[in-house]
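Worksheet for the structure shown next.
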Amino acid sequence: MNDEQAADPGLPAAARPDARQAGRRAATVTRVGALTRATGRQLYRAARSRPSRRLATTLAVVLVSLVGVVIGVLLGARTEVDIGPFRAEMAVTPAVDGGTTVSIPPLGSLHLDSHEGPVELSIRLGSLDQVRTLALIDDPTGITRASQTVVSDVTEGVLRLGVRTLAVSVLATLVLAALIFRDTRRVAWSGTLALLVTGGSLGLAALTLRPESIEEPRYEGLLVNAPAVVGDVQRIASNYNQYAEQLQHIVANVSRIYTTVSTLPVYESAEGTTRVLHVSDMHLNPTGWSVIRTVVEQFDIDVVIDTGDITDWGSEPEAAFVASIGLLEVPYVFIRGNHDSVRTQEAVAGQPNAIVLDNEVTTVGGLTIAGIGDPRFTPDKQTSPADGGLSKPAAEQVIGVGEQLAATIRAAGEPVDVALVHDPVSAGPLSGTCPLVLAGHVHNRQVRMLAQVPGQQPTLLLVEGSTGGAGLRGLEGEEPTPLAMSVLYFDAEQQLQAHDDIRVGGTGQAQVTLERHVVAGPEPDPDPSASPSTTPTPAQSTTPAPSPS
């Protein structure tokens, strides 16, 4: 017998460990299988338990109810109603911010921030009733009488629409639940939940109703129709809390447009009202002149105020661009911007209707206006950082012209109604010297109160966007910079009552937006850094603007 046989009388030694490992693996697989089967049985019992079934059923009922409400609203939440001479369609649609849209084809639409909640009210003025329209044309007082019933017409239509919305939402939910559940109890719960959701949404809209929103509509459509559709601002300001009267004015204005076949109606402005068109930063864009002429004619403008940067480089050939000023046939008040040279200022002054202010005070159209040109001449963009920031010496220079103009106003011996600066940074020292400061430069519209000086009158700052769409700079971004201008309305005491902010889609675009803002005296800026006794923050733009001038 050799050594291997003596060491392994039975099973070979190498085979015995493999057998033990195989046994352990088999035992492990058995235990895992048993555990898996036990877990499966527990999950099955849990899924079949009453709490789980109730939770699943509740979630299904909620989901079906919400889907049913949306389907019902989209398919049937609309009704037709007579509003004055119009056959109008009212509809409710799901929305995030609420609000009301009044569509007036082909003139455009009015958007009102009328309420909160997940529903939006849409009113579309459709065809005219032939009999009532002929009666309006034949009877000069017919439009007035028809507009007096508009509030009751709209109220009746909204109530009818609310009832219809509730009905179609519940009905759509019941049908959907019946198809899915085939259980009377679950169908009933779905219908009840749909009623609560729809009623709650409509109730929220009613509780948050803001009737005064009709005084500040946002108009979208053709520019020439804006004054007639929105209505005269002085009439709106004089009846600030009269929702019914404002609604009557709008319907009456639209009625006149639809019943006039030759031209748009010329509405009467309030006695003593002065209308000022504020433009800025034309930057050699000839399209700006076309829009300015249209606004001057359609809004019956008395004075045009330009807060600078009419050119881009201030060169001799560019001086011919200002010749369009003389075609406006209304006074044109101008201050120099940082892209305007002395030669540019002289070319503007050479226009028969132009008034150039450089640390001076004048009276135009009943308004006492003070203005000063920008102290810089920086046509090269490298000397005017794209982020709009200023070095300390440049900021002191810009603030300095504001201090100069403030001293001139105090020495004028008469109250100044409006002060003009090119850069808003110059406006700080003017706080308390006058009620209104106009500026431009940043290509971004801003409205805010300057920090009030104790014992002095509050001062409002209106910064205009670029009337020339920032010139070639307006094409640097993904979307063209819109052409911006504002119509300011002053009463007989030369106090600003409201302003219409007009935006024309950038170069190559034609969409026009008009937003009316009634001046209600906002609170002064609490930021002490904006005080005229300190250095204001040079960069004041609230949203990015492509390469400010």
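Let's test the formula: R0 of 56 Å, r as the Cβ-Cβ distance of ASP300 and THR192. What FRET efficiency results, to the nearest 0.05?
0.45
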At a 1.4 Å probe, what is the % contribution of carbon and sulfur to the accessible area of the range 271-419? 51
Hey, with R₀ at 51 Å, roughly what FRET efficiency would ARG410 and ASP113 work out to, going by the Cβ-Cβ distance, to 0.05? 0.80
Which distance in nm do the two modelled labels at ASP183 and ALA95 give, with both placed 7 Å along the Cα-to-Cβ direction? 3.8
Amide H to amide H under 5 Å from GLY314: which residues, 5+ apart in sequence or cross-chain, H placed 1.01 Å off N in plane? SER341
Among DSSP beta bridges lying fully in the range 423-464, give the percent that are antiparallel, nearest 5. 45
The ³J(HN,Hα) series, computed from each phi in the range 447-456 with the Karplus coefficients 6.51, -1.76 and 1.60 at θ = phi - 60°, rounded to the nearest Hz and given as x for glycine or proline, is 9, 7, 8, 6, 4, 6, 7, x, x, 10
Enumerate the residues in the range 312-342 having an amide nitrogen under 11 Å from the point lying 7 Å beyond the Cα of ARG293 toward its Cβ. 324-329
Kindly rank 55-62, 460-467 from highest to lowest mean number of other beta carbons found within 10 Å of each residue. 460-467, 55-62
For the pair THR378 and GLU396, how long in nm is the line joining their label points, each one 7 Å along Cα→Cβ? 1.6
Please give the peptides 194-202, 25-33 ranked by average Cβ packing (other Cβ atoms within 10 Å per residue), highest first, as a rough proxy for protection. 194-202, 25-33
What is the distance, in nm, between label points placed 7 Å from the Cα along the Cα-to-Cβ direction at ARG53 and at THR36? 2.9
Of 367-373, 342-348, ordering from highest average Cβ density within 10 Å down gives 367-373, 342-348
Any chance you could run the full-extension gain for ASP82 through LEU63? It's 0.36 nm times the residue separation minus the Cα-Cα distance, nm to one decimal. 3.1 nm
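The values are calculated or read from the model by the stated rules, or taken from the named source; none is laboratory data. This is a predicted model, so every value here is computed, not measured. Quick reminder, even Gly has a Cβ in these numbers, built from the backbone with ideal geometry, and neighbours come from all protein chains shown. In case anyone asks, the SASA skips ligands and DNA or RNA and just uses the protein heavy atoms, side chains included. Shrake-Rupley method; radii C 1.70, N 1.55, O 1.52, S 1.80 Å.
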